[in-house]
Amino acid sequence: MSGEEAAAPQQPDQTEERTDDPTGEPLSGVPKSSEISPPAEEPAEALEAHPGEALDAPVEDEFTYRALVLTGYGGYDKVKVQVKRGKPHPKSGEVLVRVKACGLNFADLLGRQGLYELLPAPPVTPGMECSGVIEALGEEVTGRQVGDRVLVLGRHSLWQEVVAVPASQTFLMPESMSFEEAAAMPINYLTAYMMLFEMANLRAGQSILVHMAAGGVGIAVTQLCQTLEGVTVFGTASASKHETISQGGVTHPIDYRTRDYAEEIRKISPTGLDVVLDPLGGSDTHKAFSLLKPMGTLIVFGAANCVTGQKKNLLAMAKTWYNQFTINTLRLMHVNKAVCGFHLGYLEDDELITKTMNVLLELYVQGKIKPRIDSTYHFEQVGDAMRRMHERNNIGKVILLPEPKMEKEGENSEEKASPESGETKAKGEEEEVKKGETDQEEVKREEN
Ligand SMILES: NC(=O)c1ccc[n+]([C@@H]2O[C@H](COP(=O)([O-])OP(=O)(O)OC[C@H]3O[C@@H](n4cnc5c(N)ncnc54)[C@H](OP(=O)(O)O)[C@@H]3O)[C@@H](O)[C@H]2O)c1
């Protein structure tokens, strides 16, 4: 198992100067927690959130901004909108970014349940990627200007309206890229690219299995496979998503919920596969290994089988742990297979991350990759956004918007809480919007 279930370290009080990341594992290309400026000079205060008023205060000290805060481990209600006071100040080498969109990742679901060790203990603002506009520069910043549109990669703390981050962790957005697309890029596409081309060395004509093929990483993997000739992509996903992922490049979509995907793959490819990407863990890693051809590569990069719903499931965690795949090196040698692990959060290579991010942005400009946005939700609807992933409804990336939801009926607020593509307006979408409103009311009650 990934070790994701280990107890998370406590986040330092925001009034104290932060030391190094409590895990002692700086994420390369990503600010260490000490490098993300404390978002406020004063302790973050949970003030009543009045949408639209948060940023109007004329005096810097009275400046307030909305942030999502994980207040404890558990269900959706543990993530709340809070209003923090005091403008984040960019230190030397940092820029202040007005955030327009944030990415929601599977790791954020794990974090809410206390299963993601790189997220400090609550209270903490999660968020590992966002996009926005540079609003101010700290000293000694070169290559960035006020007004630049950037995407940002971080360890946590990016789900807020304004954030001070090292300039080196920002990347200029191509002109044609939307803020939603920019927020969807960093984690999913870096992970996909590095697994395919740095670890597995995928080549034209090879075959690959990607699980969660309709998710953020799954779609990034599928698009990147199309940059080579003749790669056969096997992808598992819920049946309702098969048409979309086929159009996106999955050669053989498989419904893992009603069929044994390993049997289905063997029927089509009896000799096995060149590459298997395993984000599931437990017994699925055994299947993954058995599906490899000689000279094939398995990359383990997640333990999604630990998660079965909103609340932590100890039984599922124990089962995943118990069924964990192990192999001794002698046997590995005899079967001519490679087993690798990948975790972007533990990768300490700034140069590689920067280089890869620039390659990805170039691929975007060339029209070879394009993040698929499943849906966008305002901060106060974060519970609905997380529910969409937990209930396995997303096709592509779920995005969070710091901008408050418009309260007047008839304005475009409801569109923002629905699948953006508009191709398939989710059933019960209006119900979801209403649930979001309820969540926000609860937050207000508790904050008052
Ligand atoms: N190691 C790394 O550096 C790294 C980086 C990013 C992501 N990851 C891993 O990659 C995987 C995908 O992440 P993502 O952010 O792109 O998420 P995602 O794929 O968008 O996640 C949601 C989708 O996954 C599928 N799914 C399968 N098992 C699930 C479960 N137990 N609970 C909920 N959904 C499940 C569902 O679709 P279907 O039912 O249609 O399959 C669901 O719609 C995760 O395991 C994540 O931890 C690892």
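The values are calculated or read from the model by the stated rules, or taken from the named source; none is laboratory data. A quick note: this is a predicted structure, and the numbers were derived from the prediction, not measured. No Cβ is skipped: glycine too gets one built from the backbone with ideal geometry, and neighbour counts run over all protein chains shown.
Taking the residues in the stretch 280-289 that are surrounded by fewer than 22 Cβ atoms within 10 Å (Cβ to Cβ) and in contact (Cβ under 8 Å) with a residue 40 or more places away in the chain as candidates, determine which candidate is nearest to the ligand (Cβ to nearest atom). So, considering only residues that are surrounded by fewer than 22 Cβ atoms within 10 Å (Cβ to Cβ) and in contact (Cβ under 8 Å) with a residue 40 or more places away in the chain, the one nearest to the ligand (Cβ to nearest atom) is SER283.
Close contacts from the stretch 247-268, counting a first residue that is modelled with pLDDT of 95 or more and a second that is away from the ligand (no atom under 16 Å from the Cβ) and in a helix (DSSP H, G or I), with Cβ to Cβ under 8 Å and a gap of 6+ residues or different chains, come to HIS252/ILE268; ALA262/SER290; ALA262/LEU291; ILE265/LEU291; ARG266/LEU291.
Within the stretch 336-354, the set of residues being within 30 Å of PRO166 (Cβ to Cβ) and part of a strand (DSSP E or B) comprises CYS340, GLY341.
Within the stretch 179-219, restricting attention to residues that are free of Cβ contacts under 8 Å to residues at least 60 places away in the same chain and within 10 Å of the ligand (Cβ to nearest atom), the residue that is surrounded by the most Cβ atoms within 10 Å (Cβ to Cβ) is ALA213. Within the stretch 166-201, the set of residues being closer than 16 Å to LEU273 by Cα and in contact with a strand residue (DSSP E or B) (Cβ under 6 Å, 6 or more places away or on another chain) comprises MET195, MET199, ALA200.
Considering the stretch 235-318, the qualifying helices (runs of 4 or more DSSP H), each wholly inside and each with 2 or more residues that are under 17 Å from VAL217 (Cβ atoms) and within 23 Å of the chain's Cα centre (by Cα), run over 242-248, 283-291.
When you scan the stretch 112-120, do you find a residue that is of a type in the set (Ser, Thr, Tyr), within 13 Å of the ligand (Cβ to nearest atom) and touching a residue at least 24 places away in the same chain (Cβ under 8 Å), even just one? Working first, answer last.
To start, the set of residues in the stretch 112-120 that are of a type in the set (Ser, Thr, Tyr) comprises 116.
Subset that is within 13 Å of the ligand (Cβ to nearest atom): 116.
So of that shortlist, the ones also touching a residue at least 24 places away in the same chain (Cβ under 8 Å) come out as 116.
Within the stretch 112-120 (the criterion being of a type in the set (Ser, Thr, Tyr), within 13 Å of the ligand (Cβ to nearest atom) and touching a residue at least 24 places away in the same chain (Cβ under 8 Å)), the answer is yes, since at least one residue qualifies.
Of all the residues that make up the stretch 319-330, how many are assigned to a loop (DSSP other than H, G, I, E, B), free of Cβ contacts under 8 Å to residues at least 40 places away in the same chain and of a type outside the set (Ser, Thr, Tyr)? The qualifying residues number 2.
Which residue, of MET333, MET357, is in a helix (DSSP H, G or I), aliphatic (A, V, I, L, M) and surrounded by 16 or more Cβ atoms within 10 Å (Cβ to Cβ)? Break it down into steps so the answer makes sense when it comes.
On the way: MET333 fails: surrounded by 16 or more Cβ atoms within 10 Å (Cβ to Cβ).
Step by step, each of MET333, MET357 is checked, and only MET357 is in a helix (DSSP H, G or I), aliphatic (A, V, I, L, M) and surrounded by 16 or more Cβ atoms within 10 Å (Cβ to Cβ).
Look through the stretch 335-351, keep the residues that are of a type in the set (A, V, I, L, M) and away from the ligand (no atom under 13 Å from the Cβ), and return whichever of them is farthest from LEU202 (Cα to Cα). Quick ask: steps written out before the conclusion?
Initial filter on the stretch 335-351 (of a type in the set (A, V, I, L, M)): 335, 338-339, 344, 347.
Cutting the leftovers down to away from the ligand (no atom under 13 Å from the Cβ) gives us 335, 338-339.
Values: VAL335: 19, ALA338: 13, VAL339: 14 Å.
Checked the stretch 335-351; the qualifying residue farthest from LEU202 (Cα to Cα) is VAL335.
In the stretch 352-371, of all residues being away from the ligand (no atom under 16 Å from the Cβ) and in contact (Cβ under 8 Å) with a residue 12 or more places away in the chain, the one that is farthest from THR326 (Cα to Cα) corresponds to VAL365.
Scanning the stretch 360-389 for residues that are of a type outside the set (S, T, N, Q) and assigned to a strand (DSSP E or B) returns ILE373, ASP374, TYR377, HIS378. Among the residues of the stretch 103-115, just one is in contact with a His (Cβ under 9 Å, 6 or more places away or on another chain) and surrounded by fewer than 24 Cβ atoms within 10 Å (Cβ to Cβ), namely LEU109. Count, please, the residues in the stretch 290-326 that happen to be within 12 Å of the ligand (Cβ to nearest atom), under 22 Å from GLU264 (Cβ atoms) and of a type in the set (A, V, I, L, M). Here the count works out to 3. Tell me whether the stretch 82-102 contains one or more residues that are surrounded by 23 or more Cβ atoms within 10 Å (Cβ to Cβ), within 16 Å of the chain's Cα centre (by Cα), closer than 30 Å to ARG387 by Cα and within 12 Å of the ligand (Cβ to nearest atom). No, there is no match, as no residue in the stretch 82-102 is surrounded by 23 or more Cβ atoms within 10 Å (Cβ to Cβ), within 16 Å of the chain's Cα centre (by Cα), closer than 30 Å to ARG387 by Cα and within 12 Å of the ligand (Cβ to nearest atom). Of everything in the stretch 387-402 that is more than 10 Å from the ligand (Cβ to nearest atom) and in contact with a strand residue (DSSP E or B) (Cβ under 7 Å, 6 or more places away or on another chain), the residue that is farthest from ARG98 (Cα to Cα) is ILE399.
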